[in-house]
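To start, the structure itself, in structure tokens.
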Amino acid sequence: MQTVFGIDFGTTNSALSIYRNNTVEVIAIDGANGAGELMRSVLYFNEDNEIYAGNEAVRQYVDEGAAGRFMQSIKTFLPNTSFDHTEIFGKRYGIDDLVAIILKKIKAKGEAYLGCTVDSVVLGRPVVFSTDPTKDRVAEQRLEKAARKAGFTTIWFQYEPVAAALAFEDTLQAGQERVVFIGDFGGGTSDFTVIRVKGGAFGRSDRRSDVLSLGGVYVAGDKFDAQIMWDKVAQHFGRYARYKTLGKDEWVNVPKSIVHTLCQWHRIPLLRTRKTREHLRVIKGSTDDRQAIQQLENIIDDNFGFFLFQAIEKAKCELSDQEQTLISFVERDLNICEPLDKQEFEAINHDNIRQIANCIDQVVAQSGLLPSQIDSVFLTGGTSRIPLIQNLFAERFGRQKLESKNAFTSVVHGLGSSVPLFV
Ligand SMILES: Nc1ncnc2c1ncn2[C@@H]1O[C@H](COP(=O)(O)OP(=O)(O)OP(=O)(O)O)[C@@H](O)[C@H]1O
Ligand SMILES: [Mg+2]
């Protein structure tokens with residue numbers, strides 16, 4: 001009997017399942033992280049050319065005083081055709097090389113657990129890597145190339161929300177049939193499907209006719225963090241700072257593009273160009289908020305960007321369970337303490353929520369069903385914890401239809417359950 005891995009390479013977290021003997025098991029891959037089922041999808045490179053992944057990467061980054069290069073949300077770069085490779089301490093890494101490092105570490109964990117090598121994998125992919133079909137294809141090809149570089153020879157892809165549906169199906173009693181709307185809200189993408197599921201269907205081969213519709217949108221956890229940064233924190237990094245351009249007696253704002261890039265954490269290293277640095281040096285010479293520009297320079301050098309991001313994410317997660325929180329971050333002469341309440345969080349994310357809501361409505365419409373004809377709504381992924389997201393579904397389907405379980409492992413479990421569809 002063949003043994004196959006299921007790998008959920010997520011924007012924020014990755015996980016591994018093993019399919020063998022007609023069962024699926026999700027195993028620990030990062031001992032340093034709680035139950036260990038999740039590995040943060042991050043990398044750390046130091047000047048000695050050592051590479052760390054997951055929590056080890058975070059620990060090493062902290063231990064070495066943030067001296068090396070830290071990378072996160074790497075999945076987001078897959079469809080970005082203008083980003084092909086990056087230079088780290090004199091070495092060139094293609095985007096597929098970066099992903100391969102993470103996949104290789106996960107593969108090794110699974111193989112150590114089993115005591116044998118495994119060369120087949122079902123990889124999850126969002127429904128929409130990009131709305132541009134060329135970029136979407138590039139993203140999947142890069143992911144496939146990464147899997148080959150990691151040592152897999154047989155590679156299949158499964159849509160992440162379809163995988164979540166199969167995990168949901170595994171919880172139903174034999175013969176129990178439902179039409180379910182699946183919402184998988186992660187760090188990078190929100191992915192949806194309307195699908196027919198049936199308890200005891202595990203191993204049934206062709207499921208294509210059960211998928212009634214599919215859709216997705218590039219708005220998820222990272223975007224909510226970016227919005228908090230823009231509205232509540234960016235003022236500490238020059239969002240409102242002005243300066244006088246050479247030879248003119250006229251105040252102008254710091255270029256919005258710089259502050260915008262700052263809000264997309266994974267893109268901060270792109271600001272480390274000679275041109276941007278020079279521009280900032282000029283701005284610093286005549287600005288009305290020198291401290292903010294200094295802090296902007298510091299964060300671009302990535303001394304504390306990751307930790308600031310952690311503080312923002314922490315505040316966001318707290319608002320899933322409480323009415324108000326503090327974004328609190330102290331580093332050298334930077335002392336941020338911004339209160340944020342749920343209402344304001346929801347207000348600043350109005351546009352993000354609208355995009356998600358539109359996509360949900362499209363996916364329901366494409367299924368050809370009315371909301372009343374959909375039996376259940378299964379919500380998964382870390383971002384599904386946000387009450388406003390749950391409300392979107394309660395409004396459309398009724399709160400009694402909402403179910404959620406295993407927010408962080410249902411996709412990877414379902415990738416394992418997908419194996420019989422392919423072999
Ligand atoms: N309690 C919470 N409230 C709000 N957001 C949360 C909570 N817990 C986790 N998150 C967010 O969930 C996201 C991570 O979820 P998940 O692990 O499902 O994503 P992923 O699979 O890595 O991403 P993707 O599927 O988009 O590639 C992060 O943005 C994190 O901040
Ligand atoms: Mg996910």
Filtering the stretch 278-297 down to residues that are touching a helix residue (DSSP H, G or I) at 6+ places or on another chain (Cβ under 9 Å), in contact (Cβ under 8 Å) with a residue 12 or more places away in the chain and part of a helix (DSSP H, G or I) yields 279, 280, 283, 284, 291, 292, 293, 295, 296, 297
Answer yes or no: is there a residue in the stretch 292-304 that is touching a Phe, Trp or Tyr at 6+ places or on another chain (Cβ under 9 Å), outside the structural domain of residue 62 (by TED's automatic domain parsing) and exposed (fewer than 14 other Cβ atoms within 10 Å of the Cβ).
no
Can you go through 100, 53, 15, 66 and tell me which one is within 16 Å of ligand 2 (Cβ to nearest atom) and in contact (Cβ under 8 Å) with a residue 40 or more places away in the chain?
15
Taking the stretch 201-229, which residues are within 16 Å of ligand 1 (Cβ to nearest atom), of a type outside the set (A, V, I, L, M) and part of a helix (DSSP H, G or I)?
221, 222, 223, 224, 225, 227
Residue 55 versus (1) within 16 Å of ligand 1 (Cβ to nearest atom); (2) assigned to a helix (DSSP H, G or I); (3) in contact with a helix residue (DSSP H, G or I) (Cβ under 9 Å, 6 or more places away or on another chain); (4) not acidic (Asp, Glu): which is the lone unmet condition?
(3)
Among residues of the stretch 309-334 being more than 12 Å from residue 228 (Cβ to Cβ) and part of a loop (DSSP other than H, G, I, E, B), the residue nearest to ligand 1 (Cβ to nearest atom) is 320
Condition first: free of Cβ contacts under 8 Å to residues at least 40 places away in the same chain and outside any helix (DSSP H, G or I). Can you find one or more residues in the stretch 141-150 that meet it?
no
With free of Cβ contacts under 8 Å to residues at least 40 places away in the same chain and either within 16 Å of ligand 2 (Cβ to nearest atom) or under 28 Å from residue 163 (Cα atoms) (or both) as the only criterion, which of 366, 362, 324, 390 stands out?
390
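The values are calculated or read from the model by the stated rules, or taken from the named source; none is laboratory data. Keep in mind that this is a model prediction, so the values were computed, not measured. So basically every Cβ, Gly included, is an ideal-geometry build from the backbone, and we count neighbours across all protein chains shown.
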